[in-house]
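First the structure, in the form of structure tokens, and then the observations on it.
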Amino acid sequence: MKQTILLISFFLMHLAAGAQKVHLNVLGGFSNYQGDLQSARLTFNNIKPAFGAGLYYEVTEKLYIRGQVVFAKVTGADSTGTTVKKRNLSFSSPVTEFHLAIEYDLLNVYEHGWAPYLFAGIGFFKFNPSAKDSLGNKVYLQPLGTEGQGFYNGRTKYALSSMVIPFGGGLKFALNDNTMLRLEAGLRKTSTDYLDDVSTTYADRNDLLINNGAKAVEMAFRGDELKPPLAYPGQGITRGSPRRTDYYYIVGASVSFRINNANSGGSKNGLGCPVRVL
């Protein structure tokens, strides 16, 4: 993760060397996630706002390198997102993401005025899942060790940051020589299965109570709050699936502005955009 931060920092610090090829980007849209509390791959349930900003470096007229920070929120609940209603679990987490990616246009946007594009990269994100307890109080879940972290089967508390692989695509439109509009959908494959605090199996209720406390027991299984109440599952019963890590995704629109006007001299194409000789 430190290497990723250094790579992104190196990229941002050296953009000034080619200022006419640098674009400032601002993003607005929505976010969602797919995991143990949201089984649908893509859904409009529980969507939340997302926004961000970044810098694009125009390597060629079809190839860009981008560094971006995104602020988002993801939520999920058994009551709306899964068929496992008896757990009665829910969560909410902020997401702060930093990534460095390559973006490639399938057409030359300066010649056509629009272009489909693909992107892929690497980065990291921070998260911190929480849920409301039976009294409506916000409770952060990671410190509780709801799956017996700290004493059961060698489980340790999961980290609140993770590597992430962003990838996706979209359409971009050249509004003028120096301004572009992007419509983008991007998936984020994380390296954690605990974005929603759910991954493996239940620990024994009494052991969890003794080692991690009453609040851990309360937040590990919420079926006893249903009517009729359900009994706490036995040790080793499936609570979540560790077979694949969690995903989240960002869908939205962004506008990018060239930091320095590059249209001083040189030939122009149909849009009035500079034609570069590479």
message = If I filter the stretch 60-77 for residues that are more than 25 Å from Asp193 (Cβ to Cβ), surrounded by fewer than 19 Cβ atoms within 10 Å (Cβ to Cβ), at pLDDT 90 or above and small (Gly, Ala, Ser), do I get at least one hit?
response = no
task = Quick one: in the stretch 105-135, of everything that is assigned to a strand (DSSP E or B) and of a type in the set (Ser, Thr, Tyr), which residue is farthest from Leu175 (Cα to Cα)?
result = Ser130
ask   = If you take the residues of the stretch 129-142 that are surrounded by 14 or more Cβ atoms within 10 Å (Cβ to Cβ) and among the aliphatic types (A, V, I, L, M), which of them is nearest to Phe91 (Cα to Cα)?
value = Ala131
ask   = Can you tell me which residues in the stretch 143-162 are within 14 Å of Phe127 (Cβ to Cβ), in a loop (DSSP other than H, G, I, E, B) and either open to solvent by 70 Å² or more (accessible area, probe 1.4 Å) or in contact with a Phe, Trp or Tyr (Cβ under 8 Å, 6 or more places away or on another chain) (or both)?
value = Lys157, Tyr158, Leu160
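Yes/no per residue for (1) within 30 Å of Asn137 (Cα to Cα); (2) open to solvent by 70 Å² or more (accessible area, probe 1.4 Å); (3) modelled with pLDDT under 95; (4) in contact with a Phe, Trp or Tyr (Cβ under 7 Å, 6 or more places away or on another chain):
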| residue | (1), (2), (3), (4) |
| --- | --- |
| Asn206 | yes, yes, no, no |
| Tyr248 | yes, no, no, yes |
| Lys268 | no, yes, yes, no |
| Pro274 | no, no, yes, no |
ask   = Mind checking which pairs have a first residue in the stretch 96-112 that is modelled with pLDDT under 95 and a second that is part of a helix (DSSP H, G or I) and open to solvent by 90 Å² or more (accessible area, probe 1.4 Å), Cβ under 6 Å, 6 or more apart or different chains?
value = none
inquiry  = All but one of (1) crowded, with 16+ Cβ neighbours inside 10 Å; (2) assigned to a loop (DSSP other than H, G, I, E, B) hold for Phe44; state the number of the condition that does not hold.
reply    = (1)
ask   = Among the residues of the stretch 196-203, is any modelled with pLDDT of 95 or more and open to solvent by 10 Å² or more (accessible area, probe 1.4 Å)?
value = yes
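Could you please give the count of residues in the stretch 50-95 that are assigned to a loop (DSSP other than H, G, I, E, B) and either under 28 Å from Ala159 (Cβ atoms) or free of Cβ contacts under 8 Å to residues at least 24 places away in the same chain (or both)?
Of the residues in the stretch 50-95, the ones assigned to a loop (DSSP other than H, G, I, E, B) are 59-62, 82-84, 88-89.
If we keep only those that are either under 28 Å from Ala159 (Cβ atoms) or free of Cβ contacts under 8 Å to residues at least 24 places away in the same chain (or both) as well, we get 82, 84, 88-89.
Matching residues across the stretch 50-95 total 4.
The values are calculated or read from the model by the stated rules, or taken from the named source; none is laboratory data. What you see is a predicted model, and the numbers here were worked out from it, not measured in a lab. Glycine also receives a Cβ, built like all others from the backbone with ideal geometry; neighbour counts cover every protein chain displayed. Accessible surface areas use protein heavy atoms only, side chains included; no ligands, DNA or RNA. Shrake-Rupley method; radii C 1.70, N 1.55, O 1.52, S 1.80 Å.
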